[in-house]
Every structure is written in C-alpha cells, then in structure tokens.
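Contents: one structure, followed by commentary.
The values are calculated or read from the model by the stated rules, or taken from the named source; none is laboratory data. Values in this document were obtained by computation on a predicted structure and should not be read as measured data. Cβ placement follows ideal geometry from the backbone for every residue including glycine, while neighbour counts extend to all protein chains displayed. Each accessible area value is taken on the protein alone, full model and side chains, heavy atoms only, with ligands, DNA and RNA left out. Shrake-Rupley method; radii C 1.70, N 1.55, O 1.52, S 1.80 Å.
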Amino acid sequence: MEKSKFKFLVVEDEIQANKNIVERMKQFDHWKCVGAVLSLKEAIKIIEEEKPELLFLDWEVRGGNTFTLLELVYSFIDYRPYIIYFTGYQSDRPEIPMEIINKYQVSKYLVKPIFENLTNHLTEYIDEAEKKSRVITDDDFIWIETSFGAKERINPLNIVFISQCETSSRKKIITMHDGKTYEIKSNWNNCIKIAEDFQLHYSFPNSRYFMINRSYISKKLKPFIWLKDTYKIEVTRDKWKDFFL
C-alpha cells in the first residue's frame, strides 16, 4: 500500500467539528492526519515536529488563540503550509480577518459554520494545497538561456516573480528565492507555460508587468502585496478581487 504523501493537522476545540474535518479528509487517501487537537500546546508540538503541509485552524482554542500558531509558522524560513483558517467570532471581532490577511498569508479564511463551504470546495482546497507543497526533484530542474547567452539551471519552484524588462518588452527578469536574477528573452506566454508545467500558483497583480508566485506572498495591505517580506508590488484595482477578497 502506498504511503501517504502529505500530512495535515486539525486545531479545533469543538470536538464534533474536529472529528467532522478529519472524517471529510478520509476521502483523500494520500493525506495523513498527524493530529486532531484541541489546544495550542498540542498543536505547537506537532507543528514543530511534523511540519504538516495543511493546517485547519480555528481562531480560539484551549490555551488561547491560534495567532500564536501563525507566528510560529512564520518563524520558520522555509515552511509555508496551506492554511484554512476559520472563526465563529467574525461579528464580535471584526479585526480578525484584517490581521490574518494583512500580517499572515493564510490560504483560505472561512466564517463558521464552515461545513457547507467544505462540502462545496474542499476538493479544490486540497488540490491547491498539493500544488503548494509539491517537492521538485533534480530531474525537474530546467535550463534557461539568459539574454547574454549564458545557460543556467534553475529550480522553477524557487521563482518568486517574473517581471517585464524596462528596456525591452521582449525580455523578462526572473527573480529567484535566493535573490538571484536572470534576464531572458521571452514573451509572457512562455513564462505562463513554465508556471503551468510546474503547477506554480501564479497571478498577474497588474497589467502583465509582474507575474508572481503566490506561494511567496508574505503580506497584503491594499493596494500592495509583499513577496518574502522584501518585494513590494502594487495591485491594480481591476485585480483587487484576486488578492484582497
């Protein structure tokens, strides 16, 4: 029997809701539950030891609120799980979505009750989580040729964004996770093909001047997004719904 490829953690102190999420995840054979816990203390231990690729986080659990867990996740350099965050305190604490969207990069924010949403969209969320968690092998590296004729071997999952060259519309600048940049001769269709071939979660925050890898979004504050807390990019009004809703 093939071993599970991905791990998930449920942090929810309503016991029945906790069990419900775990039960729904059983349809995905390649996902393994590494914890269905009620408290912050238990969750912290599992995150530190297991680094699950998917987190289901209720806002208030035993021992405090899960902002503590978001802080923990973002304390790790290369750990960015897919996070489904939910709360039943939206009306009492309207600042909650502002905090988690602006300060943290959660993948989905849901208001309780969440189970109709999960019925309609869980398969979609799992597909996104798998794409975000995909590990690339040496065989998947690609060769690119810079506009200066040099050949470079890169990991496409480490592409943070691709931008239009200011001096030529026929050239693009690839910016990597380690800060290295490569100028290449390319059109946007070729860039999109790379993103789709390697299942990068890409978007255009403006009129095709930047193509970003959404996995590297670290903060949002309309009208800007930040990638890796370093690159600040403006989102045009027509694209706001893709980033801020």
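Close Cβ contacts (under 7 Å, 6 or more residues apart or on different chains) running from residues in region 26-43 that are more than 26 Å from E60 (Cβ to Cβ) to residues that are open to solvent by 30 Å² or more (accessible area, probe 1.4 Å) comprise H30/S4; H30/K5; K32/S4; K32/K7. Residue pairs whose Cβ atoms lie under 7 Å apart, sitting 6 or more positions apart in sequence or on different chains, and linking a residue in region 190-208 that is within 20 Å of K222 (Cα to Cα) to a partner that is part of a loop (DSSP other than H, G, I, E, B) and open to solvent by less than 20 Å² (accessible area, probe 1.4 Å), are P205/V235; N206/V235.
Only one entry of K193, K232 meets the criterion of being within 24 Å of V73 (Cβ to Cβ), at pLDDT 90 or above and charged (D, E, K, R), and that entry is K232.
Determine whether region 36-48 contains at least one residue that is touching a strand residue (DSSP E or B) at 6+ places or on another chain (Cβ under 6 Å) and open to solvent by 70 Å² or more (accessible area, probe 1.4 Å). No; the residues of region 36-48 include none that is touching a strand residue (DSSP E or B) at 6+ places or on another chain (Cβ under 6 Å) and open to solvent by 70 Å² or more (accessible area, probe 1.4 Å). Against the numbered list (1) open to solvent by 50 Å² or more (accessible area, probe 1.4 Å); (2) closer than 14 Å to N158 by Cα, S133 comes up short only at (1). Each residue in region 205-245 was checked for being closer than 15 Å to R80 by Cβ and not in a strand (DSSP E or B), and 6 pass. Only one of the numbered conditions (1) closer than 18 Å to S107 by Cα; (2) modelled with pLDDT under 95; (3) not in a loop (DSSP other than H, G, I, E, B) is not met by V61, and that is (1).
Listed residues K132, K171, K241, K222; which is closer than 30 Å to I100 by Cβ and touching a residue at least 24 places away in the same chain (Cβ under 8 Å)?
On the way: K171 fails: closer than 30 Å to I100 by Cβ; K241 fails: touching a residue at least 24 places away in the same chain (Cβ under 8 Å); K222 fails: touching a residue at least 24 places away in the same chain (Cβ under 8 Å).
Going through K132, K171, K241, K222 in turn, just one is closer than 30 Å to I100 by Cβ and touching a residue at least 24 places away in the same chain (Cβ under 8 Å): K132.
I'd like to know if region 23-34 contains one or more residues that are under 21 Å from the mean Cα position of the chain (by Cα), assigned to a helix (DSSP H, G or I) and at pLDDT 95 or above. Yes; the residues of region 23-34 include at least one that is under 21 Å from the mean Cα position of the chain (by Cα), assigned to a helix (DSSP H, G or I) and at pLDDT 95 or above. Criterion first (within 17 Å of the chain's Cα centre (by Cα) and either at pLDDT below 95 or open to solvent by 30 Å² or more (accessible area, probe 1.4 Å) (or both)) does Y209 satisfy it? Here the answer is no, as Y209 does not meet what is asked.
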